[in-house]
Amino acid sequence: MTINYSKTQSLLFLGAGCLMFGSTIVGCAATQQQPEVITSPLAAMLASPAPSVSPSAPSILGMQQWATIRKGESAHGLTFSTDGKLLDQEKPLLAEIPVSYVSDDNVTDAQRLFVSDPSPSGRFNVVKACESTTEASGLCWAVFLVDRQAKTAVKISIAKYGGQNWVQWSGDERYAVFTESMEGVSWFIVLDLQTREAKMFEQTSAVADLSSFRWLDNRTFQVDASCGDRSNCTAPPFRKDITALFTK
């Protein structure tokens, strides 16, 4: 084995210099540079001084990272107060956030919230309420639409278990598209943001690749099938017409 003595000597000399002059010379010890966080003007406008929170980890391809907050924390200008209220810049939107009801009239209130990014104009957010403070147990199937302009939060029906943590807004913000996926297929649910009516398309023939979602116009969208590593996958893209859905 051949050793590069000149390179080794240089490294030894540098290490010795750091030991002898470490108290006066800055830069000998290696430090890990933190990534720069770039915030959009809209996100900055809605930012809250409350404790920062970590986004939920995406579970399937193309999933969004919705913020997870617990009591006393905020995200996108919405606060989950210590006494269980949902606040918008200190204005109460929900005095209580119920998640589940049982036959004996007992109610399980929210212990954790998922908060979507705001719609393009900043008017809307989606908030999903969970029974438990952790992901180990409890359902997250109570979904609310927050209207920052009207200062309201209303419960909406998105699939049986609240759908995935994912939403797409039409360009005119008339509709919001949600999704649910299980057992190798996907569903798309569309919410009319004016009437609060939700309708569901028929299930797809394969799991949708949500990262490929794109609007063709304000009423039509397209999503590719998720083929994974299958080279023989021939599933066509899913093209959905919202107008046709709501005129059925």
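The values are calculated or read from the model by the stated rules, or taken from the named source; none is laboratory data. What you see is a predicted model, and the numbers here were worked out from it, not measured in a lab. With ideal geometry, Cβ positions are generated from the backbone for all residues, glycine too; neighbour counts draw on all protein chains shown. Just the protein is used for accessible areas: all its heavy atoms, side chains included, with ligands, DNA and RNA removed. Shrake-Rupley method; radii C 1.70, N 1.55, O 1.52, S 1.80 Å.
The orientation-averaged shadow of the Cα convex hull for the stretch 155-194, equal to a quarter of the hull surface, comes to 3.1 nm².
Work out the FRET efficiency for THR134 and GLN222 from their Cβ-Cβ distance, taking R0 = 30 Å, and round it to the nearest 0.05. Show your work: numbers first, answer last.
Numbers: r = 37 Å, r/R0 = 1.22.
Plugging the Cβ-Cβ distance into 1/(1 + (r/R0)^6) gives 0.25.
Rolled with a 1.4 Å probe across the full set of protein chains, the surface gives TRP187 an accessible area near 50 Å².
Among TYR161, TYR101, TYR175, what's the order by accessible area (1.4 angstrom probe), most exposed first? Kindly include the intermediate steps, with their values, before the conclusion.
On the way: TYR161 100, TYR101 145, TYR175 20 Å².
Output order, biggest surface exposure first: TYR101, TYR161, TYR175.
Pairs spanning more than 27 Å between alpha-carbon atoms, out of LYS128/LYS151; LYS85/LYS199; LYS160/LYS248; LYS91/LYS248: LYS85/LYS199; LYS91/LYS248. Straight-line reach from LYS71: taking Cα to Cα under 18 Å and skipping same-chain neighbours fewer than 8 places apart, the aspartates and glutamates in range are ASP83, ASP88, GLU90, GLU96, ASP109, GLU131, GLU135. Of the listed residues TRP169, TRP215, TRP141, the order by accessible area with a 1.4 Å probe, largest first, is TRP141, TRP215, TRP169. By a 1.4 Å probe calculation restricted to protein chains, GLU197 has an accessible surface near 90 Å², given to the nearest 10. Of the listed residues ASP224, ASP83, the order by accessible area with a 1.4 Å probe, largest first, is ASP83, ASP224. For ILE97, the solvent-accessible surface with a 1.4 Å probe is about 0 Å², rounded to the nearest 10.
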